[in-house]
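Asker: I am attaching a structure below and will ask some questions about it afterwards.
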Amino acid sequence: MTKAPDKLQAILDLDRLVHEPARLAILSVLSGVEWAEFKMVETLTKLTKGNLSSHLVKLEEGGYVAIHKGYRGKVPLTTLAITKQGREALENYWEQMKQAAPRKG
């Protein structure tokens, strides 16, 4: 049985870059697809363009998300993908959350 201090430590050790709710939502969306258009992620996460952009910059700086800016015809198009490092961080986050969760019993 895990002691309460171990559960507390598991919470304290959470990756803050992933733990923030908006970034967790972004990574969760991206983990289910090979890539996604900015607009799709904006719609699914219900974040504003500015807020989504701000969080994406942090995730890109952390190496968790790749951002590609291009065009579809003459229309600007931003596509996003979770990186291998981002996928590992997300999986690790959920494992830590399981360890921190209270056990029924």
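The values are calculated or read from the model by the stated rules, or taken from the named source; none is laboratory data. These figures come from a predicted structure and were not determined experimentally. Cβ placement follows ideal geometry from the backbone for every residue including glycine, while neighbour counts extend to all protein chains displayed.
Asker: Does the range 27-57 hold any residues that are outside any helix (DSSP H, G or I) and either at pLDDT below 95 or more than 15 Å from A81 (Cβ to Cβ) (or both), and which are they?
Answerer: Hits for the range 27-57 are K46, L47, T48.
Asker: If you don't mind, there's one more thing I want to ask. Looking at (1) surrounded by 15 or more Cβ atoms within 10 Å (Cβ to Cβ); (2) under 30 Å from P5 (Cα atoms); (3) free of Cβ contacts under 8 Å to residues at least 60 places away in the same chain, which one does T45 not meet, given that it meets all the others?
Answerer: Condition (2) is where T45 drops out.
Asker: Identify, by number, the condition in (1) under 23 Å from M97 (Cα atoms); (2) outside any helix (DSSP H, G or I); (3) out of contact with any Gly (no Cβ under 8 Å at 6 or more places or on another chain) that G70 doesn't meet.
Answerer: (1)
Asker: While we're here: Would the range 83-90 turn up any residue that is assigned to a loop (DSSP other than H, G, I, E, B) and surrounded by 10 or more Cβ atoms within 10 Å (Cβ to Cβ)? Let's see the steps before the verdict.
Answerer: Restricting attention to the range 83-90, the residues satisfying the condition of being assigned to a loop (DSSP other than H, G, I, E, B) are 83.
Adding the requirement that they be surrounded by 10 or more Cβ atoms within 10 Å (Cβ to Cβ) leaves 83.
Yes - at least one qualifying residue is present in the range 83-90.
Asker: Which residues, taken from the range 9-42, are farther than 30 Å from V75 by Cβ and without any contact (Cβ under 8 Å) to a residue 12 or more places away in the chain?
Answerer: Selection gives Q9, L12, R16, P21.
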